[in-house]
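K.L.:
Could you have a look at this structure, given as structure tokens, before my questions?
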Amino acid sequence: MKRITLILIALALVLTIVITGCKKEEEIAKGPIVLAQGKPEIDEQLKAYAAQWSEATGIEVTIKSCGGGSCDLGQMLKADYAAGEMPDIFAINGPQDFLEWQSIVLDVSGEPWVKDTSVAFTYEGKTYGFPVAVEGWGMAYNADVLAEADVDPKSLVNLAGYRDAFAKIDAMKADLGLDSVVSMAAGPEMGWVTAHHNFNSLLSNGLDYGDTSAADNLLAGKVDAKRLAEYADWVELLFQYADKAVLTTGNYDAQVGAFATGKAAFLHQGNWVDGNLAGAGANFDVAFAPHGSMEAATEGIFVSAPSFYVVNSESKNTDAALQFLTDLAGTEAGANYMVNEAGMIPAFSNINLNPSGKLSKSVQEWAAMGKVYSWNQYLFSGEFRDQTLAPIYNQFANGAISKARFVDLMTEAFKSL
């Protein structure tokens, strides 16, 4: 009798372990999951898709958006990690972000969506990052204004072309209904426009796609004085013809709004503003021209994946996180969210939808012609860009330093690396 009792107890223990194990597996499969991302302009759309996906799968998803100047995703992630609340999925911008979080980023090389994209984040032959979209920027222009001013967009390929165009349009501002020629922001909250996007002109304009030589030299403290001097001319030109209030204190909405309402002929932003233009009822034609950061003519815009979703390998919900990304890239609902709701250019060849936004179409046209330059700004740390370079641009915009001093400070910053 005692032996039977012991056997029953043992069976009960085994059954308890099996049931507990199954419960844990179910919990892992069913989440909930948290996704942290840095594009506030798609926050509403992403949350709507996440709610739709949650209803279909029974797995709860929480979206945390942090970016745009008012919130720093990198700092938020560090705080979350310190508090033991690291998201299950989070966004990185490129190599430096990856290296910072490498120890907890899951290898996703075997995931089904990998074969359908050429812009996933890879490192040493393995795939780690799910590309959020394909984005691009040059100088966005109001084609109607340029036509009225008799400025040919094809002339906007170098410093000389932009000098002539800006001066001509500036002289016609009153007749054209403009407050400024350029809508550009360089305030304390907008370092991502200057020290990220504009900075990339110095790093990749005019170079073959994938050529990191200019960035590599700067990272090694070697400064091409001629290239930097011409770049400083470009920054000065943009600042000279910008609305001073928007330039020095304006936020994202102020900068994009000035262009969307027809008060500026050019905008220093990317195709992600399509939704803002549509929301403002902008009914004029828009497209991108190359950045004129060199005396030599260049013909191309900057195109890449803006960020990548990576999965936290320490999460208890990796299965659910992986399924979320698989469905995002491989279902009609995911494609509809990316293209029709968020207005993004999909990074996956299996998605046949195309965004309706005019600037997104312009990016696709430049890409189809193969006239694109890399994004090399993320070879530099976020700390260097945000804490060292951004204040230099801000001082230049405010008139606190001269162009010569701007060049000196930039040179000192690179040599300090």
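K.L.:
Can you say whether Phe266 is surrounded by 22 or more Cβ atoms within 10 Å (Cβ to Cβ) and within 19 Å of the chain's Cα centre (by Cα), as far as the supplied structure shows?
P.N.:
no
K.L.:
Assuming Ile89 fulfils every condition listed in (1) out of contact with any Ser or Thr (no Cβ under 7 Å at 6 or more places or on another chain); (2) surrounded by fewer than 21 Cβ atoms within 10 Å (Cβ to Cβ); (3) of a type in the set (A, V, I, L, M, F, W, C) apart from one, which condition is it?
P.N.:
Every condition holds for Ile89 apart from (2).
K.L.:
Hey, any hits in region 331-344 for a residue that's farther than 18 Å from Asn93 by Cα, outside the structural domain of Phe98 (by TED's automatic domain parsing) and either out of contact with any Phe, Trp or Tyr (no Cβ under 8 Å at 6 or more places or on another chain) or crowded, with 18+ Cβ neighbours inside 10 Å (or both)?
P.N.:
No, that holds for no residue.
K.L.:
Could you list, ordered by first residue, the pairs with Cβ atoms under 7 Å in which the first is in region 388-400 and more than 13 Å from Met190 (Cα to Cα) and the second is part of a helix (DSSP H, G or I) and modelled with pLDDT of 95 or more, at least 6 apart or interchain?
P.N.:
Sorted first by the residue in region 388-400, then by its partner, the pairs are Thr388/Ala413; Phe396/Val235; Phe396/Phe239; Phe396/Phe406; Asn398/Thr248.
K.L.:
Confirm whether Thr326 is touching a Phe, Trp or Tyr at 6+ places or on another chain (Cβ under 7 Å) and under 27 Å from Glu60 (Cα atoms).
P.N.:
yes
K.L.:
So is Val182 assigned to a helix (DSSP H, G or I) and more than 21 Å from the chain's Cα centre (by Cα) or not?
P.N.:
When the stated conditions are applied, Val182 does not pass them.
K.L.:
Related question: Being part of a loop (DSSP other than H, G, I, E, B), surrounded by 18 or more Cβ atoms within 10 Å (Cβ to Cβ), touching a residue at least 40 places away in the same chain (Cβ under 8 Å) and in contact with a Lys or Arg (Cβ under 9 Å, 6 or more places away or on another chain): is that true of Gly292 here?
P.N.:
Spelling it out, Gly292 is indeed part of a loop (DSSP other than H, G, I, E, B), surrounded by 18 or more Cβ atoms within 10 Å (Cβ to Cβ), touching a residue at least 40 places away in the same chain (Cβ under 8 Å) and in contact with a Lys or Arg (Cβ under 9 Å, 6 or more places away or on another chain).
K.L.:
Moving on to the next point. Identify, by number, the condition in (1) within 20 Å of Leu35 (Cα to Cα); (2) in contact with a strand residue (DSSP E or B) (Cβ under 7 Å, 6 or more places away or on another chain); (3) assigned to a helix (DSSP H, G or I) that Leu359 doesn't meet.
P.N.:
Only one criterion is unmet by Leu359, namely (1).
K.L.:
Considering only region 113-126, I want to know if a residue exists there that is among the small types (Gly, Ala, Ser), within 22 Å of Asn200 (Cβ to Cβ) and touching a strand residue (DSSP E or B) at 6+ places or on another chain (Cβ under 7 Å).
P.N.:
Yes, that holds for at least one residue.
K.L.:
So Pro306 clears everything in (1) modelled with pLDDT of 95 or more; (2) in contact with a strand residue (DSSP E or B) (Cβ under 6 Å, 6 or more places away or on another chain) except one condition, right? Which one?
P.N.:
Result: Pro306 fails condition (1) only.
K.L.:
Looking only at region 226-278, how many residues end up being free of Cβ contacts under 8 Å to residues at least 24 places away in the same chain and over 22 Å from Val151 (Cβ atoms)?
P.N.:
5
K.L.:
Looking at region 234-253, which of its residues are part of a helix (DSSP H, G or I) and surrounded by 17 or more Cβ atoms within 10 Å (Cβ to Cβ)?
P.N.:
Matches in region 234-253: Trp234, Val235, Leu237, Leu238, Phe239, Val246, Leu247, Thr248, Tyr252.
K.L.:
Here are some residues: Val114, Val181, Val132. Which one is out of contact with any Ser or Thr (no Cβ under 6 Å at 6 or more places or on another chain) and either surrounded by 23 or more Cβ atoms within 10 Å (Cβ to Cβ) or over 25 Å from Val407 (Cβ atoms) (or both)?
P.N.:
Val181
The values are calculated or read from the model by the stated rules, or taken from the named source; none is laboratory data. Since we're looking at a predicted model, the values are computed, not measured. Using ideal geometry, Cβ is built from the backbone for each residue, glycine included, and neighbour counts are taken over all protein chains shown.
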